[in-house]
Amino acid sequence: MVFTGDWIPDAANLLKQARQAGSGFPFAHVFLDEPNFLHEVGVEGTKGLIQISQYGTENPSFKTPEQIKYYKTWNDLWKTKWKTAPYNSHLFEHGTGNIGSYIEQTYWLLSVIERAQSTDPEKIIKVWEGDSYRFTTGKVIKMRACDHKAVQDLHVFEYVPPDQQKQAFNIPPYYWYTGTSAPGR
């Protein structure tokens, strides 16, 4: 197994070149979830990838009516409003994966600033130390006061072909993508 913590484009180039060279080695990764490059590699080339995810939760992905509403609102906006690059790409289609984590961490920061009623760093620190934030996925992230590290559970996913993605994507159309493997188990 090849484990990479590389960011894109290095991680993408590593997987693409391995597959072009005929290597079927399994890959474990943190950041090999960028869907635009995954579509370039295709379903077979991405099947069996193992992702350690900072944004994932146990299956299924959509557990509450609020989570479904949030997802559908995001996806509908992507389909109807976001017409220019890079927002019209697969990267923004679902608002999940690492990009979802970055978005929700920004929401957390904005929540802290709002509660601090200031952009003064010292006031922000007082609010953020020991604070926690619940993502729309239900995942909770907490700021440790002792060292200012954000702490959260990680999840592990195996990438599977579209017809097996229903375990994770439990609302119609029951798959994340048709041109690449994506989280399943």
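Since every read-out is calculated from the coordinates, none of them should be taken as a lab result. The structure displayed is predicted, hence computed values, not measured ones. Neighbour counts run over all protein chains shown; Cβ positions are idealised from the backbone, glycine included.
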- With θ set to phi - 60°, apply the Karplus curve 6.51 cos²θ - 1.76 cosθ + 1.60 along segment 36-50 and write out the HN-Hα couplings as whole Hz, x wherever there is a Gly or Pro. 5, 6, 4, 5, 5, 7, x, 4, 5, x, 10, 5, x, 4, 10
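Can I get the semi-axes of the chain's equivalent ellipsoid? Compute them from the C-alpha gyration tensor as square roots of 5 times the eigenvalues, in angstrom, largest first. Write out the running numbers ahead of the final one.
Details: eigenvalues 187, 78, 50 Å².
Taking √(5λ) for each eigenvalue gives 31, 20, 16 Å, largest first.
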- Message: List the residues, sorted by chain then number, that are 5 or more residues from F62 or on another chain and whose placed amide H is less than 5 Å from its amide H.
- Response: N170
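Under the definition of Cα pairs under 8 Å and six or more residues apart, what whole-number percent is the relative contact order of the chain? Don't jump to the answer; show the numbers that get you there.
Working: 289 pairs, mean separation 47.2, N = 185.
The value is 26 percent.
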- Message: If you average the alpha carbon positions of segment 16-57 and of segment 109-171, how far apart do those two centres end up, in angstrom?
- Response: 24
- Message: Can you compute 3J(HN,Hα) from phi for each residue in segment 171-185, using the Karplus curve 6.51 cos²θ - 1.76 cosθ + 1.60 with θ = phi - 60°, rounded to whole Hz and x for Gly and Pro?
- Response: 10, x, x, 6, 7, 6, 8, 9, x, 7, 6, 8, x, x, 6
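Taking 8 Å as the Cα distance limit and 6 or more residues as the minimum spacing, I'd like the relative contact order of segment 65-151 as a percentage. Could the numbers behind the result be given before it?
Numbers: 66 pairs, mean separation 14.8, N = 87.
Across segment 65-151, relative contact order equals 17 percent.
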- Message: Within 10 Å of each candidate Cβ there may be at most 15 other Cβ atoms; applying that plus a DSSP loop requirement, which chymotrypsin sites (Phe, Trp or Tyr not before Pro) in segment 47-96 survive?
- Response: W82, Y87
- Could you pull out every residue, at least 5 positions away or on a different chain, whose amide H is within less than 5 Å of the one on A182? Hs are placed 1.01 Å off N in the peptide plane, and Pro or chain starts have none. V160
- Residue by residue through segment 93-108, the couplings from Karplus 6.51 cos²θ - 1.76 cosθ + 1.60 with θ = phi - 60°, in Hz, x for Gly and Pro, are 4, 10, x, 10, x, 4, 5, x, 5, 5, 4, 6, 5, 5, 4, 4
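Between V2 and K81, what length in nm is gained on full extension when 0.36 nm per residue of separation is reduced by their alpha carbon distance?
Numbers: separation 79, 0.36 × 79 = 28.44 nm, distance 3.89 nm.
Working it through step by step, the gained length comes to 24.5 nm.
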- Message: Suppose we keep just the DSSP beta bridges with both residues in the chain; what percent of those would be antiparallel, to 5?
- Response: 70
- Task: List every residue whose amide H lies under 5 Å from the amide H of S53, counting only residues 5 or more places away in sequence or on a different chain, with H placed 1.01 Å from N in the peptide plane.
- Result: H155, V156, F157
- Query: What value, in deg cm²/dmol to 500, does the helix sum -39500 (n - 2.57) over DSSP H runs of n ≥ 4 give at 222 nm once divided by the residues of the chain?
  - Reply: -12000 deg cm²/dmol
- Task: With viscosity set to 0.890 mPa s and temperature to 25 °C, compute the Stokes-Einstein D of segment 77-185, Rh being the Kirkwood radius across alpha carbon pairs; µm²/s, no decimals.
- Result: 151
